[in-house]
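Novice: Next up is a structure, given as structure tokens.
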Ligand SMILES: Nc1nc2c(c(=O)[nH]1)N[C@H]1C(S)=C(S)[C@@H](COP(=O)(O)OP(=O)(O)OC[C@H]3O[C@@H](n4cnc5c(N)ncnc54)[C@H](O)[C@@H]3O)O[C@H]1N2
Ligand code: MOO
């Protein structure tokens, strides 16, 4: 029997087919969802000077319990006119620089003002330094803020900008072509003739790419004809970084993807993975493009896209950690023993537990519509009881 590749081995071989794409500097307003090509180092400290965290009065802690003479005012964005001396207070606002000499802020709710006299009426600050954000409390000049290969989330973008970044180098987005194959397919919404079915995989894959670091290129369909498939693959390879085909990956007389890849002067790197669903996955190259041939069954296409296509796109876009995150939850239903391939069971998280769906038929779409996780069942795993920890990948 043809030996099946372990999922991890196949993922490593897939990433080895093409290096991450060249990086470029882009505007900070385009950073979301991109991967950093270089570390982001702080060019400034934040805060650069001690700032007030509240609206109130800057004082010396040793002068408590007051009263104080109000000698000036400082708002966010301005510089205190002078230092503060014993017995003095500065009116101060949230985000404003604390005058030299002051070490504490008393909130305005705790004081009364009569002309220029300030008296304590409430509890007052319990400790020296209260309501002051120390210089460098967020980070200091020279600190490593974000590491190369990390994802630019909204929070990471905020930190990069606060650190003084104006333009940031990120990996380029791979351009992806989706090619559905099969004589039985009709375009979504078109009435199928006897023997035909709607092409659901094309739109499903396009939707899976929507939140990934990728640009969607051509979406096309071709019948089960090796010669025209090979011509189309050649053409797509010139204009895309990744070609993802779906269907025609198996051993039938009408499964032409491997043949078409060879005819397009492509190179097959691997075929067949020890996973269920998804065994007949194909990977290779055509020129500089990577071709990933997903099996046609809807669940097989979904699972292989989750484990191979999306990680490949993240790898090409510069991710340091492109693989899906494995999480754990207790089983909500008992599981029989694992088989000869690793299972990715369509499952749902219910009240903190994870439950495989009743149907695991890879030809069905409803389990995909109902699943929000893929439960990972190792090869030859022992049967497991309710409550046993189970590994899963969140898909929604
Ligand atoms: N003798 C064997 N037969 C099969 C094997 C095997 O090892 N020996 N493997 C099976 C497995 S596992 C899978 S998975 C499928 C994969 O087959 P293909 O990738 O060649 O896919 P097709 O035969 O083209 O299609 C399979 C199934 O999916 C439907 N399909 C295809 N494309 C779409 C689409 N875009 N939208 C919706 N549905 C689609 C297609 O009509 C078929 O029903 O092979 C097994 N066979
Ligand atoms: O391994 Mo194929 O992917 O069911 O169903």
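Novice: Looking for something away from ligand 2 (no atom under 16 Å from the Cβ), touching a strand residue (DSSP E or B) at 6+ places or on another chain (Cβ under 9 Å) and touching a residue at least 60 places away in the same chain (Cβ under 8 Å) - is there at least one such residue anywhere in region 201-210?
Specialist: Of region 201-210, the ones away from ligand 2 (no atom under 16 Å from the Cβ) are 202-203, 206-210.
Narrowing further to those that are touching a strand residue (DSSP E or B) at 6+ places or on another chain (Cβ under 9 Å): 202-203, 206, 209-210.
Next cut, touching a residue at least 60 places away in the same chain (Cβ under 8 Å) only: 209.
Yes, that holds for at least one residue.
Novice: Quick check on residue 203: is it outside the structural domain of residue 34 (by TED's automatic domain parsing) and touching a helix residue (DSSP H, G or I) at 6+ places or on another chain (Cβ under 9 Å)? Outline the logic, then answer.
Specialist: Values: outside the structural domain of residue 34 (by TED's automatic domain parsing): yes; touching a helix residue (DSSP H, G or I) at 6+ places or on another chain (Cβ under 9 Å): no.
Spelling it out, it is not the case that residue 203 is outside the structural domain of residue 34 (by TED's automatic domain parsing) and touching a helix residue (DSSP H, G or I) at 6+ places or on another chain (Cβ under 9 Å).
Novice: Among the residues of region 255-277, how many are within 18 Å of residue 201 (Cβ to Cβ), touching a residue at least 60 places away in the same chain (Cβ under 8 Å) and in a loop (DSSP other than H, G, I, E, B)?
Specialist: 2
Novice: Still on this model: Any residue in region 284-298 that is assigned to a helix (DSSP H, G or I), modelled with pLDDT of 95 or more and within 14 Å of ligand 2 (Cβ to nearest atom)?
Specialist: Filtering region 284-298 for residues assigned to a helix (DSSP H, G or I) gives 298.
Retained after the next criterion (residues that are modelled with pLDDT of 95 or more): 298.
Retained after the next criterion (residues that are within 14 Å of ligand 2 (Cβ to nearest atom)): 298.
Looking through region 284-298, at least one residue is assigned to a helix (DSSP H, G or I), modelled with pLDDT of 95 or more and within 14 Å of ligand 2 (Cβ to nearest atom).
Novice: Taking the condition touching a residue at least 12 places away in the same chain (Cβ under 8 Å), crowded, with 24+ Cβ neighbours inside 10 Å and within 14 Å of ligand 2 (Cβ to nearest atom), does residue 301 pass?
Specialist: Numbers: touching a residue at least 12 places away in the same chain (Cβ under 8 Å): yes; crowded, with 24+ Cβ neighbours inside 10 Å: yes; within 14 Å of ligand 2 (Cβ to nearest atom): yes.
Criteria met by residue 301.
Novice: Has region 310-329 got at least one residue that is assigned to a strand (DSSP E or B), within 27 Å of the chain's Cα centre (by Cα) and within 14 Å of ligand 1 (Cβ to nearest atom)? Give the derivation first.
Specialist: Start the filter on region 310-329 by keeping residues that are assigned to a strand (DSSP E or B), which leaves 327-329.
With the extra rule that they be within 27 Å of the chain's Cα centre (by Cα), the set shrinks to 327-329.
Subsequent filtering for residues that are within 14 Å of ligand 1 (Cβ to nearest atom) retains none.
So far as region 310-329 goes, no, none of its residues is assigned to a strand (DSSP E or B), within 27 Å of the chain's Cα centre (by Cα) and within 14 Å of ligand 1 (Cβ to nearest atom).
Quick grid of which residues meet (1) in the same structural domain as residue 371 (by TED's automatic domain parsing); (2) farther than 25 Å from residue 381 by Cα; (3) touching a residue at least 12 places away in the same chain (Cβ under 8 Å); (4) within 16 Å of ligand 1 (Cβ to nearest atom):
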position	(1), (2), (3), (4)
253	no, yes, no, yes
279	no, no, yes, yes
282	no, yes, yes, yes
294	no, yes, yes, yes
306	no, no, yes, yes
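Novice: Further question: Examine region 182-202 for a residue that is surrounded by 17 or more Cβ atoms within 10 Å (Cβ to Cβ), assigned to a helix (DSSP H, G or I), at pLDDT 95 or above and within 13 Å of ligand 1 (Cβ to nearest atom), and state whether such a residue exists.
Specialist: yes
The values are calculated or read from the model by the stated rules, or taken from the named source; none is laboratory data. The structure displayed is predicted, hence computed values, not measured ones. Note that each Cβ is placed from the backbone with ideal geometry, even for glycine, and that neighbours are counted across all protein chains shown.
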